[in-house]
Amino acid sequence: MNIQNYINGQYVNPINNEWIDNYNPSNGEVYCQIPNSSKEDVEQAYKSAQSAFSKWSQTTLEERSRIMLRVSELIEENLDRLAEAESKDNGKPLWLAKAVDIPRASSNFRFFANAITQFASESHESVGQNAINYTLRQPIGVVGCISPWNLPLYLFSWKIAPAIAAGNCVVAKPSEVTPMTAYLLGDICTEAGLPKGVLNIVHGLGTSTGQAIVEHPNIKAISFTGGTATGTHIARTAAPMFKKLSLELGGKNPNIIFADCDYEDMLKTTVRSSFANQGQICLCGSRIFVEASIYEQFKTDFTNAVSKQKVGHPLAEETKIGALVSKPHLEKVLNYVEIAKEEGGKVLHGGNQLTIEGHENGYYMEPTIIEVPSDECRVNQEEIFGPVVTIMPFNSEEEVLEMANKVKYGLSATLWTNDLKRTMRMSNKLQAGIVWVNTWLMRDLRTPFGGVKDSGVGREGGFEALRFFTEPKNVCIKY
Ligand code: NAD
């Protein structure tokens with residue numbers, strides 16, 4: 001089977017007729033091919049988007065909203081089919097795709113379909129000068145959306161939905177590692193009545209197809225989620241062209257546990273925040289810091305709880321942890337375990353590749369806990385993005401705050417404590433775009449989402465996303 005590009009409302013082959021193999025991580029087999037799209041395909045997608053823009057940007061908010069709500073409904077109606085596709089493409093457990101990925105993709109369309117009807121702009125009366133200013137928020141034109149493989153349809157739609165709600169037309173590229181649900185979205189948009197050309201989906205490699213989107217002189221804004229190194233490259237390419245940029249990048253998030261927390265709740269959530277989606281969520285708490293007085297108890301209980309997490313085939317009902325997304329990624333993650341050992345880290349649990357009977361060539365790995373001798377070692381500083389967490393004790397609030405902030409990333413932080421004053425002090429000082437207190441990955445789509453430092457530039461979510469995808473224009477009228 002071949003995946004095709006979705007341009008001007010039609011599924012089409014890449015112009016060069018070149019294809020890339022797409023692997024099923026659960027068994028290591030190639031199960032379909034995807035277009036290796038070139039600059040010419042991106043140009044075609046751009047032209048289609050450009051020709052749809054004048055009509056779409058003038059479509060009433062009510063009508064845009066109605067179509068997007070229909071997309072949202074159709075995603076829900078296709079829940080099983082989309083979840084199966086996501087699980088097969090990515091290696092994540094089917095139950096997870098059904099409970100999180102696909103429902104969230106539907107919510108993304110529903111949320112921005114509603115948000116656009118409430119999006120207002122400012123006006124300022126210039127008192128004493130007989131003038132009034134108001135701000136027009138106009139769509140940018142054709143925008144580019146580029147997404148990663150860890151939450152494929154979830155993050156793809158998180159960009160596309162606000163972009164089209166705001167009246168833009170889109171050239172979008174999902175990760176070449178997980179293209180399937182983006183491909184299926186084309187049909188859903190057609191069925192929902194999204195006019196041709198409003199959304200164009202081109203598949204291919206980051207360095208060619210993705211690069212062509214970023215370099216395109218008339219694609220005026222780029223919304224990107226992916227690795228920090230890719231983000232740096234994109235920023236370098238886009239800056240001289242003065243493109244608007246939203247970059248959601250890597251993380252190395254601290255999970256800070258004080259002795260006064262609700263222990264059972266913390267323990268359960270920490271297993272999830274460490275290993276959900278095989279630890280391949282940018283928000284996973286990959287550095288666990290535990291107050292010294294409960295450190296030994298936590299070590300025992302956490303290791304016990306993690307040892308019960310069943311690694312298995314993504315479709316098996318009892319599977320908690322599925323396959324990693326690709327062979328190179330599995331190798332990268334395993335290599336970090338070796339680095340940890342060389343640095344004096346102690347593997348408390350896991351650390352090895354796993355073979356699952358009947359699926360011997362799949363990319364499975366044990367959930368891994370590494371006790372580290374110092375917060376400065378590489379496994380504590382570099383993003384691993386797999387089922388590996390580090391743990392170490394701390395003695396004071398000041399000490400843990402310093403360690404938590406001493407990384408180049410600043411995406412999210414989790415804090416477990418019942419001390420209100422400490423919560424306030426720490427939340428103010430943690431260098432992160434998001435702080436969760438006594439919870440993890442609880443999302444309200446109205447809130448700003450994004451990171452500081454090397455975790456990115458800009459915020460997604462709520463009106464922040466609609467602001468990104470519009471250009472403000474001040475109009476001053478003297479009367
Ligand atoms: P990646 O940077 O390799 O790829 C992301 C996307 O960018 C893919 O579609 C890829 O094809 C494309 N790409 C690659 N090179 C490009 C280029 N030169 N020009 C344009 N596009 C290019 O990242 P990945 O491995 O797919 O995803 C994992 C990374 O994503 C991790 O670092 C993770 O932390 C990050 N992530 C961040 C968030 C967030 O919200 N901050 C969310 C999820 C994942």
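The values are calculated or read from the model by the stated rules, or taken from the named source; none is laboratory data. Everything numeric here is computed off the predicted structure, so don't read it as measured data. Backbone-built Cβ (ideal geometry, glycine too); neighbour counts: all protein chains shown. The area values use the complete protein model at the heavy-atom level, side chains included, leaving out ligands, DNA and RNA. Shrake-Rupley method; radii C 1.70, N 1.55, O 1.52, S 1.80 Å.
Structure notes:
- Residues considered: 308, 346, 332. Of these, the only one that is at negative phi and without any contact (Cβ under 8 Å) to a residue 24 or more places away in the chain is 308.
- Boolean, residue 113 is more than 10 Å from the ligand (Cβ to nearest atom) and in contact with a Cys (Cβ under 9 Å, 6 or more places away or on another chain): no
- Of all residues in the range 239-258, exactly one satisfies the criterion of being away from the ligand (no atom under 16 Å from the Cβ) and open to solvent by 40 Å² or more (accessible area, probe 1.4 Å), namely 242.
- Enumeration of residues in the range 35-59 that are in contact with a helix residue (DSSP H, G or I) (Cβ under 8 Å, 6 or more places away or on another chain) and either among the aliphatic types (A, V, I, L, M) or open to solvent by 80 Å² or more (accessible area, probe 1.4 Å) (or both): 39, 42
- Taking every residue in the range 375-404 that is away from the ligand (no atom under 15 Å from the Cβ) and open to solvent by 40 Å² or more (accessible area, probe 1.4 Å) and pairing it with any residue that is part of a loop (DSSP other than H, G, I, E, B) and acidic (Asp, Glu), at least 6 positions away or on another chain, the pairs with Cβ-Cβ distances below 9 Å are 378/343; 402/375.
- Qualifying position, being among the acidic types (Asp, Glu), open to solvent by 20 Å² or more (accessible area, probe 1.4 Å) and at negative phi, among 73, 86: 73
- Of all residues in the range 16-32 being at negative phi and surrounded by fewer than 16 Cβ atoms within 10 Å (Cβ to Cβ), the one that is farthest from the chain's Cα centre (by Cα): 16
- Residue in the range 457-464 that is closer than 26 Å to residue 230 by Cβ, open to solvent by less than 20 Å² (accessible area, probe 1.4 Å) and out of contact with any strand residue (DSSP E or B) (no Cβ under 7 Å at 6 or more places or on another chain) present: yes
- Residue within the range 368-384 that is outside any strand (DSSP E or B) and in contact with a Pro (Cβ under 7 Å, 6 or more places away or on another chain) present: no
One line per residue, one yes/no per condition, for (1) among the small types (Gly, Ala, Ser); (2) open to solvent by less than 10 Å² (accessible area, probe 1.4 Å):
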| residue | (1), (2) |
| --- | --- |
| 97 | yes, yes |
| 100 | no, no |
| 107 | yes, no |
| 135 | no, no |
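- Unmet requirement for residue 121, which otherwise passes all of (1) touching a strand residue (DSSP E or B) at 6+ places or on another chain (Cβ under 9 Å); (2) open to solvent by less than 10 Å² (accessible area, probe 1.4 Å): (2)
- Looking across the range 281-304 at every residue that is of a type in the set (Gly, Ala, Ser) and open to solvent by 30 Å² or more (accessible area, probe 1.4 Å), the one that is farthest from residue 347 (Cα to Cα) is identified as 293.
- Residue match in the range 437-449 (condition: in contact with a strand residue (DSSP E or B) (Cβ under 6 Å, 6 or more places away or on another chain), open to solvent by less than 50 Å² (accessible area, probe 1.4 Å) and within 16 Å of the ligand (Cβ to nearest atom)): yes
- Meets criteria (open to solvent by less than 10 Å² (accessible area, probe 1.4 Å) and either under 15 Å from the mean Cα position of the chain (by Cα) or within 16 Å of the ligand (Cβ to nearest atom) (or both)) for residue 416: no
- Qualifying positions in the range 201-238 - open to solvent by 40 Å² or more (accessible area, probe 1.4 Å), outside any helix (DSSP H, G or I) and more than 8 Å from the ligand (Cβ to nearest atom): 217, 218, 220
Residue-by-condition table, conditions (1) crowded, with 20+ Cβ neighbours inside 10 Å; (2) of a type in the set (Gly, Ala, Ser); (3) modelled with pLDDT of 95 or more; (4) assigned to a loop (DSSP other than H, G, I, E, B):
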| site | (1), (2), (3), (4) |
| --- | --- |
| 315 | no, no, yes, yes |
| 318 | no, no, yes, yes |
| 324 | yes, no, yes, yes |
| 328 | no, no, yes, no |
| 331 | no, no, yes, no |
| 338 | no, no, yes, no |
| 341 | no, no, yes, no |
| 348 | no, no, yes, no |
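- Just so you know, in the range 266-280 the residues that are closer than 26 Å to residue 362 by Cβ and crowded, with 21+ Cβ neighbours inside 10 Å include one that is nearest to the ligand (Cβ to nearest atom), and it is 280.
- Any hit, the range 182-200, residues being within 25 Å of residue 45 (Cβ to Cβ) and within 13 Å of the ligand (Cβ to nearest atom): yes
- Whether a residue is touching a Lys or Arg at 6+ places or on another chain (Cβ under 7 Å), outside any helix (DSSP H, G or I), open to solvent by less than 30 Å² (accessible area, probe 1.4 Å) and touching a residue at least 60 places away in the same chain (Cβ under 8 Å) was assessed, and residue 171 does not pass this test.
- Test: residue in the range 115-131 that is under 23 Å from residue 441 (Cα atoms) and either under 19 Å from the mean Cα position of the chain (by Cα) or assigned to a helix (DSSP H, G or I) (or both): yes
- Residue within the range 461-469 that is among the basic types (Lys, Arg), in a helix (DSSP H, G or I) and away from the ligand (no atom under 16 Å from the Cβ) present: yes
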